[in-house]
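Remarks on the structure that follows.
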Amino acid sequence: MAEFPQPTLPPGIPGYHLYRPIGAGAYGEVWLATDDVGRWWAVKITFPPRGGGEQSASREFRAIERYAPIGDQHANLVRIIAPAWLPHTGQFYYSMELADDATTKAPLPRCSTPEERAAVAAYYHPRTLRSELQRRSRFSPAECVECGLPLAMALGQLHSRGVIHRDIKPENIIYVAGQPKLADLGLVAEAGGQHSIAGTTAYLAPEPKRREPADIFALGVVLYELATGQPAERCPQVPAGIAQLGNMELSEWNELNAVILKACHPNPGLRHAGADELREELELLRNQGSVRQRRAQESFRRQLLDQRKNLLLAASAIILLVLAWSQWRQARLNERYAKLREIELEQFKPHYSTWSTNDLARLEVLGGGIADRAVLGRFVAALADWDAETRPVLTNEGVSIAFHPDGRALVGGITNRVCLLATNKPVSEFAASGPGVVAWDGDQPLQLTVLGNDLVLREADTTRIRRRFALPESLATNWYQSPVLAMAADQSWVAAAGAKHLLVWRVGDNQSLRELPTQATCLAFNEDNSRLAAGMADGVTRVYSIPDFNAPSNLVPATRAGAVECLAFCRDRLVRFDKIGAQPNWLLATGGRGAELIVWDLASCLQRMRAQGSWVITGLVFSPDGQLVISFGGDEPTVWDAATGAQVLHLRKNDPGKHTSLAFAPKGGYLLAGGPRANRPAVVNRFDLTQERGIRSLRGLVGKARLVWFSPDSLRVAALTDHCQLGFWDVRTGRLLQVFETPPGPFADTAGGCFDASGEHFNLAIGTNVVQFGVDTGGINRRWRVEKGEANQMAYDAAGRLLLLRGEEDIDHGMGTWRLYELKDDVQPKWTHEAGWTNQLPVALALPYGAKYFLVWDWSEDNPNRSVAVYDTATAKLLTNFPSDVRGWGLPVKVSSDGATIFIPSSHLGESRLVHFPDFAERRTPMDGLQAIGVEMHQSVHPGGIYLGASPAERDIPIPGNWGAVLTSAAFSLDGTNVAMPTLSGAVELINLPSLRTNLSNFNEVRRSLRTEFRVW
Amino acid sequence: MCQISLQHTMERLMNDDTQTDREPTDELLPTRASLLARLRDVQDDASWHEFFELYHRLILRTLVRKGLSAADAEDVAQEIFVGVARRLPTFEYRPAQCSFKTWLFRILQYRVAEFYRRRGRGARGQELPGDAEPILATLADPDSLEPDAPWEREFEDNLVRATLERVRRQANPRYFQLYCYCAVEGHSVAETARIFQTPANDVSVALQRVGKLIAKESARLRSADGWPGG
């Protein structure tokens, strides 16, 4: 009592009689009082405000005002009567329900006399939760619940009205008529109760902001105190006596403990979400439920939900990632596509124009890093091989096309028109009576057509009828099925085929009619009018020889897949070694519904080449020199290698019509294609085929090409394959000149050969044969037999003598020998010099142009590394010997095309040396850092020289014919402008260096994006 | 070592509030330098509160031990806090000469002496407690300004108590409860698990987590926190 401010006298409160103070708080005192009718009240009177305290007093006043109506609404909130100010003092007061008396546990009795009241007031002691706690050490769990539940409800009510208590503790919970009630805002304190900082901090939640959760915390601590009897400071420690509890009691206690611990959690977020949740849990306890079990269930449910949520999140994250990735990839592809498109537009338009959009799409993928070898190969082929451009030149069906030798073309259609084309443009148009075959007779355009019941040959421009052939009834009356017509190139023969007959007329005398029992679907004469081929519906092709037409050859494909639809003749340029001088042979290409393209050798009636398309072939044409055959039909027009059947190029058409009639321009370079089309106007397309990118593919040989030679005038190139075929091409035009079958030899790549000075003759040493071929004549000029030998080199020396350097290896003894022959006309050759059996391995010999010296690989048992021995040709004396670290079959020794430089190889190319002849001055090769697998030189000592090398990576790239593997035997032309490289596909890649250089920068730009590089020094 | 002594003290403080004689540790506990530094600015209420919480109880107990009544002790404690607040702005922390602990003890001694001087023997008719005699005797002795053994022990106890209070106000109460029952009161894990009807694993987790917290808080309270170690 001494600690309270001492009230001298009971203050005068209107309507109340005050007896004595029964409690004090921070703001005022609580007096025991009666009202006029003798009811007991507790009257709170605030202290007079000290300096600056007026504001807090009025704040307090407002809070009480706000609380007053709420107090009435809940049985467990103390009721108060609205506050009122005391005059002049700055104090205010309010009255509230009086707590029960602690001793009697009942409300103070109403007394009638003031004396009685005074007597009662003297012993009154308010009954609070604190006083209860002091009386009994602790509450049972059930009692705690009974006490806590109404308090939680009251707190809920308070919070729902936005009021926070802030000072819940046992002292502030009073009993009114046996009911615990929350007294207001810490203003009521039991008299004598301590109000120290230590006393209240135990109920203070740790968080700095005292909001609703702080009230829950305080209520939790109160419950702790009730349940354990321990001071609040010790929360949440349990008393030692708990160990004595039985199982049932322990269980009850633990349930309550769970509620208390949650309410007392230091983290406000982990406490009960509100007083209502606390109330629910207490209610559950009252109904003998288990809070812990319910929480476990809820937690499990929440976990389940969380798991689902997480799964959903993860799934959507993955989807988003994938979307983002695909977007990014698409963007990257688009970028690359744009770049490639740029290159295409600038540089490669002619190539791409022959490619389908599908190819371009695949190229994009390629640009993105996924190497599609087929596309890559074709991409390089676009540089190395043909340029092809397609454009329509004429709106006409073009069922028949004939070229004049001067380049003009005659196009006959089914709509009574014959057009004359000069290069690209139609120059004149003539009326015609119907569809038919066109041809030139000198400068006179002719047309073979059906007129009434007759087949007529008329002049297209003048419409004058030259000849008239009566058609038999079976052909003439079947108008729904036009007869198939054919006319020999010189108009000496005409043929017509219908439902059952094939009729042939010699034009010179109309009477000479031959009726052949053949149901032909297509007809063709060859160029020299010696053959007539008739394709039939059963897939067989009959070839009649003219003029006897007897005993036709039947060309029967292995698989008779369908009717033959198109035929094309070509002169066979292959000269068989055993049939030199025989009749020229003809090749016939057939195509049809079986999508098979077959090239027949008419001499043997065997298939020379077979290629499989994927759809019907409706038209076929050979290039003028017979290197290529081009098929039209359901597929994209395709260019094939006529010798090997390798697919060279797809041509892209502007319209999807199936061309049936085709004609190559007589000088090559382009072809015209036409044919009838259903429902749409037909066009005649022009397909330009040129090789102007710097690299030409020379075709016509079968087998892997091994060796190449240039003629001294650099105008011709020869190549030898291991199928014993020796081909010759014109370097400037790329035309195939001749193909010889050579005598058989052990290995094509040990053969030796050389052109003579004029380039008209070519000498080849292979096996035991040395043959001189006439390139222009297609015959054999001379032939020698030599003794057994393996490696051969041939050259003419300065005096015009033909020299043959020939080596032989004794494998058993690891020794070898070489012999040098001079070959003279019709004289059996004898060697002029011989090495005898030595340590020298003549597997690599070199007899350079001019033949001043020759080279031999040297080897000894002491030194396994090889060296290069240089001999003088005239005296066969050893001039010098260059060591090398090459062992076994390494890089071959090479000599520049002019013979002035010798390449001494090293196992690492960067350490290879170049030696100048005749002074043998040495210098390093400029190939450092490049592991070239092959090297060729042209006048290579001076800076202007040309080297050609390739890195091994080239071998991984399917460049046409696999250049890398055969670079070892490439050759420079003597003028240094061309390099010929034999390839494994049989084609010879002819690289025009000046032209390539201009294209190479663009080429390499593309190649770099394909992660490889091609270099020419 | 520190952890064991901490554990021991904690056990004592939690279970028994009576003082037991114990050898004071030689270790000079560095008072948290940051707190001291902040106290220089008396306006910093939070620092004051922390400081008050940390040392109020220690000072009160010591004063009572020195023979003051509870009310007098409260008064003198107030004076001491005001004095500290006033002196701190000029206080240079020189651990080599004098730790905060010693410094605080000296102030306390001065205040006690001053209290007795002011009041005088038997002033206001109030009898001095029986043990006041030796206190007054020692007050004349300059050596009495060196912290005595009970002060050392009280100071140590106070820090442990503060540690525990801090942990109590941070830890998951469930874990704290388990920790106290098992580690502090010395029950087995199995027994704890039985009483609280919880898996033994829970108890282990509680031991681990609360143990960590205690170690952390203890280290924090004892750290020089920027001041050189005392």
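Under 8 Å for C-alpha pairs, at least 6 residues apart: give me the relative contact order for segment A:16-289, rounded to a whole percent. Walk me through the numbers on the way to the answer.
Numbers: 462 pairs, mean separation 48.0, N = 274.
RCO, segment A:16-289: 18 percent.
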Worksheet item: Taking all pairs of different Cα atoms in segment A:405-690, averaging 1/r and flipping that mean, what Kirkwood radius in angstroms comes out?
Response: 19.2
Worksheet item: According to a simple spin-label model (label point 7 Å from Cα along Cα-to-Cβ), what is the distance in nm between A:ASN550 and B:TYR110?
Response: 15.1
Worksheet item: Counting only residues 5 or more places away or on other chains, whose amide H sits under 5 Å from the amide H of A:LEU707 once H atoms are built in the peptide plane?
Response: A:LEU720
Worksheet item: Residue by residue, what Karplus-based ³J(HN,Hα) values in Hz, rounded to whole numbers, does segment B:62-75 have, using 6.51, -1.76 and 1.60 with θ = phi - 60° and x for Gly and Pro?
Response: 5, 4, 4, 4, 7, x, 7, 6, 4, 5, 4, 4, 4, 4
Response to the item:
Using alpha carbon positions and the Kirkwood radius, the Rg to Rh ratio of segment A:16-289 is 0.98
Discussion item. Under the rule of at least 5 residues apart or a separate chain, name every residue whose amide H is placed under 5 Å from the amide H of A:TRP600.
Written reply: A:LEU588, A:ALA589, A:THR590, A:ARG608
Worksheet item: Sequence-distant or interchain residues sharing an amide H contact under 5 Å with A:ASP100, placed H: which?
Response: A:ARG127, A:TYR175, A:VAL176, A:ALA177, A:GLY178
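For segment A:71-120, what is the convex hull volume of its Cα atoms per residue in Å³?
On the way: hull volume 6.8 nm³, N = 50.
It is 137 Å³ per residue.
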Worksheet entry | Heavy atoms of A:SER428: accessible area, 1.4 Å probe, square angstrom to 10 | 40
Worksheet, complete the sentence: Karplus ³J(HN,Hα) for segment A:434-439 (6.51 cos²θ - 1.76 cosθ + 1.60, θ = phi - 60°; Hz, whole; x = Gly/Pro) runs x, x, x, 9, 10, 7
Discussion item. Once the convex hull of the alpha carbons of segment A:41-150 is built, what does its volume come to per residue, in cubic angstrom?
Written reply: 159
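What accessible area, summed over both chains, is buried at the B-A interface (1.4 Å probe, Å², nearest 100)? Mind dumping the intermediate values first?
Numbers: alone 12090 and 44470 Å², together 54650 Å².
Summing both chains' loss of accessible area gives about 1900 Å².
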Item to complete: Would you kindly find the accessible area of A:ARG913, with a 1.4 Å probe and non-protein molecules such as ligands, DNA and RNA excluded, rounding to the nearest 10 Å²?
Response: 50
Worksheet item: Under the Karplus relation 6.51 cos²θ - 1.76 cosθ + 1.60, θ = phi - 60°, what is the ordered set of whole-Hz ³J(HN,Hα) values for segment A:316-324, x standing for Gly and Pro?
Response: 5, 5, 5, 4, 4, 4, 4, 4, 4
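Among A:234-241, A:489-496, how do they line up by average Cβ neighbours within 10 Å per residue, starting with the highest?
Descending packing order for the listed peptides: A:489-496, A:234-241.
The values are calculated or read from the model by the stated rules, or taken from the named source; none is laboratory data. It should be emphasised that the depicted structure is a prediction, and the values quoted were computed from it without experimental measurement. Counting neighbours? That spans all protein chains shown, and the Cβs are built from the backbone with ideal geometry, glycine included. Surface areas here come from the heavy atoms of the whole protein model, side chains and all, with no ligands, DNA or RNA. Shrake-Rupley method; radii C 1.70, N 1.55, O 1.52, S 1.80 Å.
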